[in-house]
Amino acid sequence: MKADINSARRQLLKKVALGTVLVPLVGLDMRAAFGADTPLVTEDDPVAKALKYVADGSKATGAKPGSKCANCNFFQAAAGSAQGPCQLFPGKAVKAAGWCMSWTAKAA
Ligand code: SF4
């Protein structure tokens, strides 16, 4: 029984690290909760570390060329914004030039 719980816990942590449990958040509009005082995600943030977020996507290892928060499906700011909300970081903002391993091309 305890082994089953530990196994389930490991599976959940893997899914969180890959961002797969966050996919149901697609479509959640976070712009309404975003303001000028919304704190920026730091690279030291535990979720940011798990997702390998960097504020400067050009320095990310493993990033697809040209991929950055600004052209990610999870980025919720208006075009041209320097920073804005990301569905994977509720209550925080990410840099438009940032990147993380959950980057997904913005739907056309
Ligand atoms: S790449 Fe996408 S999912 Fe990752 S922090 Fe930027 S906007 Fe969010």
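The values are calculated or read from the model by the stated rules, or taken from the named source; none is laboratory data. Quick caveat, the model's predicted, so the values are computed rather than measured. We place every Cβ from the backbone using ideal geometry, glycine too, and count neighbours over all the protein chains shown. We work out accessible area using only protein heavy atoms, side chains counted, and drop any ligands, DNA or RNA first. Shrake-Rupley method; radii C 1.70, N 1.55, O 1.52, S 1.80 Å.
Could you please state how large a percent of the accessible area of the stretch 46-108 is carbon and sulfur, counting protein chains only and using a 1.4 Å probe? Working shown, then result.
Details: 1940 of 3190 Å².
C and S fraction of accessible area: 61 percent.
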TODO: Counting only heavy atoms of the protein chains, get the accessible area per residue of the stretch 62-108 (1.4 Å probe) and round it to a whole Å² value.
DONE: 46
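Between rounded, prolate and oblate, where does the stretch 29-108 land on the alpha carbon gyration tensor, with a ≥ b ≥ c its root eigenvalues, rounded for a/c under 1.5, else prolate if a/b exceeds b/c?
On the way: a/c = 1.72, a/b = 1.20, b/c = 1.43.
In terms of gyration-tensor shape, oblate.
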TODO: Report the local net charge at Trp99: Lys and Arg +1, Asp and Glu -1, summed over other residues whose C-beta lies under 10 Å from its C-beta.
DONE: +4
Task: Amide H contacts under 5 Å for Ala96, placed H, 5+ residues apart - done: Gln83, Gly84
Task: Surface accessible to a 1.4 Å probe, Leu88 within the full protein complex, Å² - done: 10
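Rank Asp37, Asp44 by accessible area, highest first, at a 1.4 Å probe radius? All intermediate terms of the calculation are to be shown ahead of the outcome.
Working: Asp37 135, Asp44 115 Å².
The ordering from most to least exposed comes out as Asp37, Asp44.
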Open item on the list: Using the Karplus curve 6.51 cos²θ - 1.76 cosθ + 1.60 with θ = phi - 60°, what ³J(HN,Hα) values do you get for each residue of the stretch 49-55, in whole Hz, with x for Gly and Pro?
Closed with: 5, 4, 9, 6, 5, 10, 5
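Taking K and R as +1 and D and E as -1, what net charge do the other residues with C-beta under 13 Å from the C-beta of Cys72 add up to? Walk me through the numbers on the way to the answer.
Numbers: positive: Lys64, Lys68, Lys95, Lys106; negative: none.
Net local charge, Cys72 excluded: +4.
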